[in-house]
Amino acid sequence: MKNSALLLSLSLGLLVPLKSLAQGGNTQNRVDGYGAPATPAATRGAAGETELNILMSYYQQDGSHGAVEGGRGTEHLTNLTPTIILNVPLDTLSRLSANLGMDVYASASTDRIDQVLSSPSSSDTRFHADFGYTRQLPGRRSIVGLGAGVSTEYDYKSVNVAASWAQTSRDGNRELSVAGQVFFDQATIIRPVELRTNGRKEDGSAPRQSYNLSAVLSQVLTQRLQVSVSTELVYQKGLLSTPFHRVYFQGSTGALGEAKVEALPGSRFKYPVGLRLSYYASDLVLLRGYYRFYNDDFGIRAHTLELETPVKITPFFVVYPFYRYHTQTQARYFAPYLQHQPGEQFYTSDYDLSGFSANKLGLGLRYSPVYGIGRFKTPFGGRIAQFKALDLRYAHYRRSTDLTADIFSADFSFILP
Amino acid sequence: MRLLFPFPRPGRLARLAVVAGLLVALPGCVSVAAYQKVYLNDEDMKLATKRVETYETNFESYREGAGGANGGKVGGGCGCN
């Protein structure tokens, strides 16, 4: 309690002197699953231009602690994610956005649900679509937004609604943004083949709801330095376990049929706090930092630290190496293969909920000339569009539980006539 | 009480980060005019994850028990593979 009081007083101390504040610009760039972009920069100026972003990523992971087989077995997974984001200004104050995409994935782990390799469970495609509307209130420095979205895959459907509000200070040096979002999900119950009671692969469905409320306060401190403090309270209820995750208990031989289906509580409360900093160290080098403290009622406590140093090779060409470190304690319901006690109420052998540390290292490149990379005629009416910028990024991720991952991402930005 | 202030026993690193943020913020009572924001308006100075980075924050939210407060995904989608 003493520590909590200390943290509260220091946090308030951080907020009080922020009266000089500057440009916030704390847009949350959620590519997927977020219907209402909080404060798109384009709404602050004139009518603006129609922006089109074509994004994609290729993700691959491998490991030896697959949750489907009770904390052992392959975790090999590949995922390809083409996405289109469209931002259309309606007038000088309002803007529409659309975000359409898919995840095409192949999972060696879920292929073990029925023990028949290369079965239909080995791959799937998830589609998602999110739409948002933002409007700057006339004569005020407020921007409000509304959004909604859907996503669907073979065994999981999700609908979400979102709302946001952002207020900038008179001198433009401070911004407070608040956003709320609710997800209504429906998961199809698919149990491992040897644990099905009615002989059918699917056994009805179960709901899951997620409610999240985020708040971000950003502040310009000097001509070269700005910071933000953020929090995002998340409450989930419903089916939080995965019905095709097996758990093997002490005393069993690990043979098929001796497992139980993963069981987790029906609610979860998460409360992370983040601190972000951007510093223009010299005309060539910038520093970007992020720290997050995370806590939840599953017993997981985590610290995450990110550092990025963009280097301006030319005014239009930036190279940015980055590093991320994450460490977390294990959920109180986690135990490895054959380590759970038979009498436990909740249990999982999913290593995503285990205690571990993880390192991520990578490099990004961005090329964004003032007048764009190139121009071309659009197929509709022969009008001229501009290829504005290119952003490429690669990262290697390694977890202390033997999981490794590589991800390559690209963002192609266009201005449409 | 726990619900009103749900941060039981923050670690030493967390407290250090808040103190560091406080020290950075204290000299910040200087108003920066719009014409002085040439550095602040730089694309790399944005206080948010880059759009191209969001795929990474999404997979991290699935592969780690922790998530949120970083512009990443917090719901919608199984991610159970």
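The values are calculated or read from the model by the stated rules, or taken from the named source; none is laboratory data. Every value quoted in this text rests on a predicted model; they were computed, and no experiment measured them. All Cβ positions, glycine included, derive from the backbone under ideal geometry; neighbour counts span all protein chains shown. The area values use the complete protein model at the heavy-atom level, side chains included, leaving out ligands, DNA and RNA. Shrake-Rupley method; radii C 1.70, N 1.55, O 1.52, S 1.80 Å.
Remarks
- Test: residue in the range A:254-269 that is within 7 Å of another protein chain (Cβ to nearest Cβ), open to solvent by less than 40 Å² (accessible area, probe 1.4 Å) and touching a strand residue (DSSP E or B) at 6+ places or on another chain (Cβ under 8 Å): no
- Of the residues in the range A:387-402, none is more than 14 Å from every other protein chain (Cβ to nearest Cβ), open to solvent by 60 Å² or more (accessible area, probe 1.4 Å), more than 21 Å from the chain's Cα centre (by Cα) and without any contact (Cβ under 8 Å) to a residue 40 or more places away in the chain.
- Qualifying residue in the range A:152-162 (condition: under 24 Å from A:D185 (Cα atoms), among the basic types (K, R), within 12 Å of chain B (Cβ to nearest Cβ) and open to solvent by 30 Å² or more (accessible area, probe 1.4 Å)): yes
- Selection over the range A:57-76 of residues that are in a strand (DSSP E or B) and crowded, with 21+ Cβ neighbours inside 10 Å gives a count of 4.
- Per-region count, the range A:224-251, residues open to solvent by less than 30 Å² (accessible area, probe 1.4 Å), in a loop (DSSP other than H, G, I, E, B) and farther than 18 Å from A:Y156 by Cα: 1
- Filter pass, A:T197 being β-branched (V, I, T) and part of a loop (DSSP other than H, G, I, E, B): yes
- For the range A:187-213, the set of residues classified as surrounded by fewer than 15 Cβ atoms within 10 Å (Cβ to Cβ) and charged (D, E, K, R) consists of A:E194, A:R200, A:E202, listed by residue number.
- Filter pass, A:A331 being aliphatic (A, V, I, L, M) and part of a loop (DSSP other than H, G, I, E, B): yes
- Pairs with Cβ under 8 Å, 6+ apart, first in the range B:52-72 and under 17 Å from A:L55 (Cβ atoms) and more than 7 Å from every other protein chain (Cβ to nearest Cβ), second assigned to a helix (DSSP H, G or I) and among the hydroxyl-bearing types (S, T, Y): B:G72/B:T54; B:G72/B:T57; B:G72/B:S61
- Test result for A:Q345, within 12 Å of another protein chain (Cβ to nearest Cβ), open to solvent by 50 Å² or more (accessible area, probe 1.4 Å) and outside any strand (DSSP E or B): no
- Residue selected from the range A:270-284 under the condition among the aliphatic types (A, V, I, L, M) and either more than 13 Å from A:L225 (Cα to Cα) or open to solvent by less than 50 Å² (accessible area, probe 1.4 Å) (or both), by the criterion farthest from the other protein chains (Cβ to nearest Cβ): A:L284
- If you go through the range A:83-114 and pick out every residue that is assigned to a loop (DSSP other than H, G, I, E, B) and more than 10 Å from chain B (Cβ to nearest Cβ), you end up with 6.
- Selection status of A:S413, open to solvent by 50 Å² or more (accessible area, probe 1.4 Å) and either under 19 Å from A:H76 (Cα atoms) or under 23 Å from the mean Cα position of the chain (by Cα) (or both): no
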